[in-house]
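Take a look at the structure below.
The values are calculated or read from the model by the stated rules, or taken from the named source; none is laboratory data. Note that this is a predicted model, so its numbers are computed, not measured. Cβ placement follows ideal geometry from the backbone for every residue including glycine, while neighbour counts extend to all protein chains displayed. What goes into the accessible areas is simple: the full protein's heavy atoms, side chains included, and nothing from ligands, DNA or RNA. Shrake-Rupley method; radii C 1.70, N 1.55, O 1.52, S 1.80 Å.
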Amino acid sequence: MCNIDRKQFYRNISSFHNKIKEIDNHRYLSWEHCYEYFYINRKNVDYDYASLMLSFYLASWGMYRGSSFLLHYDYQIYKTMLKELLDINLWDKHDWSQIIKANEIIEEKLLLYKNNKENENNEEDKNKISNTLITKILLGIFGCTPAYDRFFVNGLKKHNINNNKVPIQYCGDSYIGIMDLIDRCKSSFEFPKISLKYNENIYYPDMKIMDMYFWILGKE
C-alpha cells in the first residue's frame with residue numbers, strides 16, 4: 001500500500017501548479033519553457049538559444065542569487081556542457097547509471113568556471129558543484145530527477161527516503177526510493193497527468209510531479 005496520502009498528494013500538486021494556472025508569467029513557468037524547448041528540439045538544438053533558456057530558468061529558480069559563482073558569467077558558459085550532455089538521452093527515462101554520467105559532465109564543465117581566479121573569494125567548496133545546481137539542470141532539461149533543494153530534501157525526510165542516511169543525499173538510494181514510491185502511488189491511485197500550460201501535447205514527467213509534491217511538503 002502506498003505510504004503517500006492520496007488527498008495530500010493531490011493537494012500539494014495543486015498548491016504548486018495552481019500558481020502556473022492562475023498567474024500569468026509566474027516564475028514557475030520558467031521550468032515549463034526550458035523543458036519544452038529541450039524536449040522538442042533535442043535533435044536540432046541551437047546551443048546559444050538553449051544556453052539562454054537554461055540560464056534564465058536557473059535564475060528564476062534561485063541559482064543566481066547570493067554568492068553564486070554563476071553571477072560572474074554570461075549564459076554562454078553552458079554551451080560546451082550542453083553539447084556533451086544532450087548526447088545522453090534521459091527524456092522519459094529513470095536510468096541512474098546514465099544520470100551519473102550526466103552528473104559528471106555537468107560538474108566537469110562548470111568547475112572550470114567555478115575554479116576561475118575571479119572566484120578566489122568564493123566561500124563555496126571549489127572542488128564540487130552543488131547537488132542543488134546539478135539536479136536543477138537535469139530537471140530543467142530532461143525532467144529525469146527532482147531538484148534536491150532545501151524544501152525538497154525536507155520533504156524527503158518525512159518519508160524516510162535515503163535509507164536513514166543523515167543528511168539526506170542525492171544518490172542512487174534516494175533516487176531508487178523515489179522511483180519505488182512512484183510505482184506504489186500508481187498502483188494505489190490515479191497519478192496526476194499535467195500538460196504544459198502552452199503545449200497540451202507535452203506532459204510533466206513523473207519526477208517533476210514528485211518534485212512538486214515533496215517541495216510543498218518540505219516548505220510546509
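Filter the range 121-169 down to residues that are among the aromatic types (F, W, Y) and either open to solvent by less than 10 Å² (accessible area, probe 1.4 Å) or at pLDDT 95 or above (or both) and give me whichever is nearest to L111 (Cα to Cα). My answer is Y148. Quick check on L217: is it in contact with a Gly (Cβ under 7 Å, 6 or more places away or on another chain), in a helix (DSSP H, G or I), more than 15 Å from T135 (Cβ to Cβ) and at pLDDT below 95? In short, yes.
Hey, does the range 74-85 have a residue that's within 25 Å of D173 (Cα to Cα) and modelled with pLDDT of 95 or more? Yes: the range 74-85 contains one or more residues that are within 25 Å of D173 (Cα to Cα) and modelled with pLDDT of 95 or more. The residue that is modelled with the lowest pLDDT, counting only those in the range 1-27 that are assigned to a loop (DSSP other than H, G, I, E, B) and in contact with a His (Cβ under 8 Å, 6 or more places away or on another chain), is N3. When D206 is tested against (1) free of Cβ contacts under 8 Å to residues at least 40 places away in the same chain; (2) in contact with a helix residue (DSSP H, G or I) (Cβ under 7 Å, 6 or more places away or on another chain), exactly one condition is not met: (1).
Counting just the residues of the range 36-90 that are of a type in the set (V, I, T) and part of a helix (DSSP H, G or I), which one comes out surrounded by the fewest Cβ atoms within 10 Å (Cβ to Cβ)? The residue in question is I40. Show the residue pairs meeting these rules: Cβ distance below 7 Å; 6+ apart or different chains; first residue within the range 74-93 and among the basic types (K, R); second residue open to solvent by 20 Å² or more (accessible area, probe 1.4 Å). Final answer for the pair search is K79/Y47; K79/D48; K83/Y47.
Filtering the range 180-196 to residues that are touching a helix residue (DSSP H, G or I) at 6+ places or on another chain (Cβ under 7 Å) and assigned to a loop (DSSP other than H, G, I, E, B) leaves F189, F191, P192, I194. Note on the range 186-202: residues that are open to solvent by 100 Å² or more (accessible area, probe 1.4 Å) and of a type in the set (F, W, Y) amount to 1. Exactly one residue out of I13, I4 is more than 17 Å from the chain's Cα centre (by Cα), among the hydrophobic types (A, V, I, L, M, F, W, C) and on the phi < 0 side of the Ramachandran plot: that is I4. Taking the criterion of being out of contact with any helix residue (DSSP H, G or I) (no Cβ under 6 Å at 6 or more places or on another chain), among the charged types (D, E, K, R) and surrounded by 16 or more Cβ atoms within 10 Å (Cβ to Cβ), the only residue of the range 102-120 that qualifies is E107.
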